[in-house]
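The values are calculated or read from the model by the stated rules, or taken from the named source; none is laboratory data. All of these numbers come straight from a predicted model, not from anything done at the bench. Neighbour counts run over all protein chains shown; Cβ positions are idealised from the backbone, glycine included. Ligands, DNA and RNA are excluded from the accessible area calculation, which covers all protein heavy atoms including side chains. Shrake-Rupley method; radii C 1.70, N 1.55, O 1.52, S 1.80 Å.
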Amino acid sequence: DYPVFHSPADLAWAGQVAALELHVPQWRVDQLGTMQNPDRLVLDLDPGPGAGLAECIEVAHEARDLLSGIGLDPVPVTSGSKGLHLYCAMDGVRDADYLNAFAKQLAVSLEESMPDLVVSSMAKS
């Protein structure tokens, strides 16, 4: 379940309840609330212990090369104090399951080519 903000007052409510980090889902809904296919792919590059923004940038360059090689145009965006997101516009033809599987395979490929910098597992530990 996600809140839907329609006004500045809604956003003020989020601040009032200390929702300091709002994650925007990578899909839209139509007028009836039916989920639409994603219109973007987001890769979240978060550094772990001993890594920082410089390492994220190195991984982002490698990811950009892979994504550009298949016709996508990733755009970097800073995330938090030391991470990066890579945003890729999508045409909305593929569903979320497809894009999730694609992102996972991309992460595994990055881990194989950069094992000292990339971990593809999303476990909290």
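Might you let me know whether the range 82-89 holds any residue that is more than 15 Å from the chain's Cα centre (by Cα) and without any contact (Cβ under 8 Å) to a residue 60 or more places away in the chain? Full working, then the answer.
In the first step, residues of the range 82-89 are kept if they are more than 15 Å from the chain's Cα centre (by Cα); the result is none.
Checking the range 82-89: not a single residue is more than 15 Å from the chain's Cα centre (by Cα) and without any contact (Cβ under 8 Å) to a residue 60 or more places away in the chain.
With (1) surrounded by fewer than 16 Cβ atoms within 10 Å (Cβ to Cβ); (2) free of Cβ contacts under 8 Å to residues at least 24 places away in the same chain as the list, and Arg64 as the residue in question, which single condition is left unmet?
Among (1) surrounded by fewer than 16 Cβ atoms within 10 Å (Cβ to Cβ); (2) free of Cβ contacts under 8 Å to residues at least 24 places away in the same chain, the lone unmet condition for Arg64 is (1).
Return yes or no: is Ala54 of a type outside the set (Ser, Thr, Tyr) and either open to solvent by less than 60 Å² (accessible area, probe 1.4 Å) or outside any helix (DSSP H, G or I) (or both)? Break it down into steps so the answer makes sense when it comes.
Details: of a type outside the set (Ser, Thr, Tyr): yes; either open to solvent by less than 60 Å² (accessible area, probe 1.4 Å) or outside any helix (DSSP H, G or I) (or both): no.
Here the answer is no, as Ala54 does not meet what is asked.
Test Val93 against the criterion of being modelled with pLDDT of 85 or more and closer than 18 Å to Tyr2 by Cβ, and give yes or no.
Numbers: modelled with pLDDT of 85 or more: yes; closer than 18 Å to Tyr2 by Cβ: no.
Answer is no for this residue.
Counting only residues that are under 16 Å from the mean Cα position of the chain (by Cα) and open to solvent by less than 50 Å² (accessible area, probe 1.4 Å), how many does the range 93-120 have?
9
Here is a list: Asp10, Asp44. Which entry is assigned to a strand (DSSP E or B) and either in contact (Cβ under 8 Å) with a residue 24 or more places away in the chain or open to solvent by less than 90 Å² (accessible area, probe 1.4 Å) (or both)? Before the answer, list the steps.
Values: Asp10 fails: assigned to a strand (DSSP E or B).
Selected residue: Asp44, the only one of Asp10, Asp44 that is assigned to a strand (DSSP E or B) and either in contact (Cβ under 8 Å) with a residue 24 or more places away in the chain or open to solvent by less than 90 Å² (accessible area, probe 1.4 Å) (or both).
Out of all the residues in the range 91-125, which are assigned to a loop (DSSP other than H, G, I, E, B), touching a residue at least 24 places away in the same chain (Cβ under 8 Å) and in contact with a helix residue (DSSP H, G or I) (Cβ under 7 Å, 6 or more places away or on another chain)?
Met114, Leu117, Val118, Val119
When the range 56-90 is examined, which residues are found to be at pLDDT 95 or above and among the polar types (S, T, N, Q)?
Correct list: Ser68 only.
In this structure, does Pro74 turn out to be within 30 Å of Asp30 (Cα to Cα) and open to solvent by less than 60 Å² (accessible area, probe 1.4 Å)?
yes
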